Amino acid sequence: MSANINPLANPKGANKVCELCEKPAYIQCTKCFVTFYCGKEHQDDDWVAIHQKVCQLLIPVRTPVPYYTLEAEREQHYTQILDRQKLLMEISQRVAEKKLFEKRHKESLPAALLSLHSAMDIYGTSGVQLVPAYLLLAEANIGLANLSPAEQYLSWADWTVVRTPDCGRTVRHKLHRCMGRLFIVKGDLEGALFHLANDIYYASEQYGQDSIVTCGGYYLMADVFFRQRKMDIVNSLYTEVANTWHSHLSRLLEKHIENTITPEESFDEAQQAEADQMLRSLLDVPDGGPKQQPAQSAALAHSLGILWLLDGDPEKALEFGRRALGYCQMVQDCWLTDPICRLLHLAEEGLDAAQKGSPDSPPCPSAPPEHQRSALLS
Ligand SMILES: [Zn+2]
Ligand SMILES: [Zn+2]
């Protein structure tokens, strides 16, 4: 589905440019009237990727500032626009990240581009705040095997970080991680290991050695050693990643039961997609990879079950929980049996609650019959 389009009379010299490729625009979105495209193809690409989520948000940001006689009114207007731009930057960044984890690289490009444009509107064209958007653009291009634009974005990110001595460790770890990905795709495995070692250093300084953020670096390093056929190292890195995720998710489940998960601890869509992708790839290692021990497979399937339970999908939680129990039964006295049974119980409860709440389920016995309810309202 796409928004309606409107042909533009675009005479030579008109300054309307396409949202995606910056070539002269000939059509516009008829829902916001502030976004322009070179043609239907880019309009459709943008709509699917990000525009449908932000179409209306763009209207005040891109509409010329009305004339205010009072300075206070002007100030208030600029504050509102700034808040809107920050919201746009956050939404587009989150959408781009999620699509990257889902390996939908083409769809992540328009979202990443909007996050860069929003960051430039807020911070100017050279701030360190632009780096996350450069990295998203680089990563999307790496995924599409467009290595030359990827290198260009990474060199801008690198240059910005070099010029910012007080740049934080989070940005540095992300930069090195992205460099690591580029070097893997280019086949420069030594270069990749250098950047991933830096990534892990900055991430562990910031988040701790056993954090799920840091273990993303170990996961990529395992990919490098996989290509070098050093399977014993791959195996130990996979174990490290699997254990880190298992402890993290088990802790989160406890907090979920106690109802004490803070907003910072709960996963957003992008983190959910990353965790799901990573854990599944460890559980179903491709041919030629290290053979998983049943105990480790049980822990991975248990982690995935918890992940989906926390995401409010008891059906998937049940599916992975049952799979985990299957692996557990291959191990003598598996210590995970009790935690897995607990997960299955919680998932079944969640499924029951969902079925009771669904419209085709029988009415709740405590609710008054339909005619009594309408009588109560009248
Ligand atoms: Zn275009
Ligand atoms: Zn629009």
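Laboratory data are not the source of any read-out in this text; all were calculated from the coordinates shown. Note that the coordinates shown come from a computational prediction; the quantities given were computed from them, not determined experimentally. Here the Cβ is made from the backbone with ideal geometry for all residues, glycine too, and neighbour counts use every protein chain on show.
Within straight-line reach of residue 98, meaning a Cα separation under 20 Å, sit the following lysines at least 8 residues removed in sequence or on another chain: 53, 86, 106, 174, 316. Under the simplified labelling scheme, the residue 79-residue 170 pair shows an inter-label distance of 2.5 nm, with each label point 7 Å from Cα along Cα→Cβ.
On the beta carbon distance between residue 62 and residue 147, with R0 = 35 Å, the FRET formula returns roughly 0.60. Scalar couplings 3J(HN,Hα) for the range 94-106, obtained by applying the Karplus form with A = 6.51, B = -1.76, C = 1.60 to θ = phi - 60°, are 5, 5, 4, 4, 4, 5, 5, 5, 7, 6, 9, 5, 5 Hz; x denotes Gly and Pro. Going by the alpha-carbon gyration tensor, a ≥ b ≥ c the square roots of its eigenvalues, is the range 32-95 rounded (a/c under 1.5) or, if a/c is not under 1.5, prolate (a/b greater than b/c) versus oblate? Here the range 32-95 falls in the oblate category. Based on the Stokes-Einstein relation at 10 °C and a viscosity of 1.306 mPa s, and on the Kirkwood radius from alpha carbon pairs, the range 240-370 is assigned a translational diffusion coefficient of 100 µm²/s. Taking one quarter of the surface of the C-alpha convex hull of the range 115-164 gives a mean projected area of 3.0 nm². For the pair the range 130-161 / the range 172-190, the C-alpha centres are spaced 11 Å from each other. So, R0 is 35 Å and r is the distance between the beta-carbons of residue 53 and residue 295; what FRET efficiency does that work out to, to 0.05? Calculated transfer efficiency: 0.25.
Extension gain for residue 15-residue 247 works out to 78.1 nm (0.36 nm per residue, less the C-alpha to C-alpha distance). Using R0 = 56 Å, the C-beta based FRET efficiency linking residue 329 and residue 155 works out to 0.60.
For 300, 135, the sequence from fewest to most other C-beta atoms within 10 Å is 135, 300. The C-alpha radius of gyration of the chain, expressed as a fraction of 2.2 N^0.38 Å, stands at 1.18. From the square roots a ≥ b ≥ c of the eigenvalues of the alpha-carbon gyration tensor of the range 70-177, which class results: rounded (a/c under 1.5), prolate (a/b over b/c), or oblate? The shape class here is oblate. Length available on full extension from residue 40 to residue 211: 0.36 nm per residue minus the Cα-Cα distance, which gives 57.1 nm.
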